[in-house]
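Below is one structure, written out as structure tokens, with a few remarks after it.
The values are calculated or read from the model by the stated rules, or taken from the named source; none is laboratory data. In this text the structure is predicted, and so the values were computed from the model without any measurement. Cβ: placed from backbone, ideal geometry, glycine included. Neighbour counts: every protein chain shown.
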Amino acid sequence: MTPPMLHLSSPAAAAQAAADGHARIDRIVDDVRRMLDDSELDRAEYSFRDVAEELRRHLKTEEALLFPFYQRLGDRGAALTEHERLDALLRFVEESFAQGRLATARAAVDQLAAALYAHERRESELLATVPELPAN
């Protein structure tokens, strides 16, 4: 099932849509971490494909819909850098799974989870500070 597109009808709606997407991704990441804790490398790798697909779609949606808004706030550069880091971490996790090394994969997933947490918190705080979105 494809998640709904992020709509910017209001800051609250944008924040809620972003939070919903983040929650979906976080649930899958948590599942992958549990699988790695149980030494289920192949199963974790298979499930991680869902994380990668969902996160890449989520980032593209944010870039299309939120980045123009961030540009108006003068925060587009920081958001872009953050998205580039998340994409690099996705590739690192994928490479770690391809190497078949449990400890490396676990460390890579932990790094991605920490970066996601920071991204989610920053984005939530940014959207919460805006009383109303400017017109396009």
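Say we look at region 64-97 and pick out the residues that are small (G, A, S) and at pLDDT below 75; which of these is surrounded by the fewest Cβ atoms within 10 Å (Cβ to Cβ)? Filtering region 64-97 for residues that are small (G, A, S) and at pLDDT below 75, the one surrounded by the fewest Cβ atoms within 10 Å (Cβ to Cβ) comes out as G74. Scanning region 108-126 for residues that are of a type in the set (D, E, K, R) and exposed (fewer than 14 other Cβ atoms within 10 Å of the Cβ) gives R121, E125. Among the residues of region 16-50, those that are touching a residue at least 60 places away in the same chain (Cβ under 8 Å), farther than 19 Å from R101 by Cα and either among the hydroxyl-bearing types (S, T, Y) or crowded, with 19+ Cβ neighbours inside 10 Å (or both) comprise A18, H22, I25.
Looking only at region 98-105, decide whether some residue is surrounded by fewer than 18 Cβ atoms within 10 Å (Cβ to Cβ), of a type in the set (V, I, T) and in a helix (DSSP H, G or I). Within region 98-105 (the criterion being surrounded by fewer than 18 Cβ atoms within 10 Å (Cβ to Cβ), of a type in the set (V, I, T) and in a helix (DSSP H, G or I)), the answer is yes, since at least one residue qualifies. Selection within region 97-121: residues that are over 14 Å from Q16 (Cα atoms) and of a type in the set (K, R). The member of this set that is nearest to the chain's Cα centre (by Cα) is R106.
Exactly one of (1) at pLDDT below 90; (2) over 15 Å from the mean Cα position of the chain (by Cα) is unmet by A19. Its number? Looking at each condition in turn, A19 falls short on (2). Of the listed requirements (1) within 19 Å of Y117 (Cβ to Cβ); (2) over 14 Å from the mean Cα position of the chain (by Cα); (3) at pLDDT 90 or above, E54 misses just one: (2). Scanning region 51-68 for residues that are part of a helix (DSSP H, G or I) and touching a residue at least 24 places away in the same chain (Cβ under 8 Å) yields V51, A52, E54, L55, R56, R57, H58, L59, T61, E62, L65, P68.
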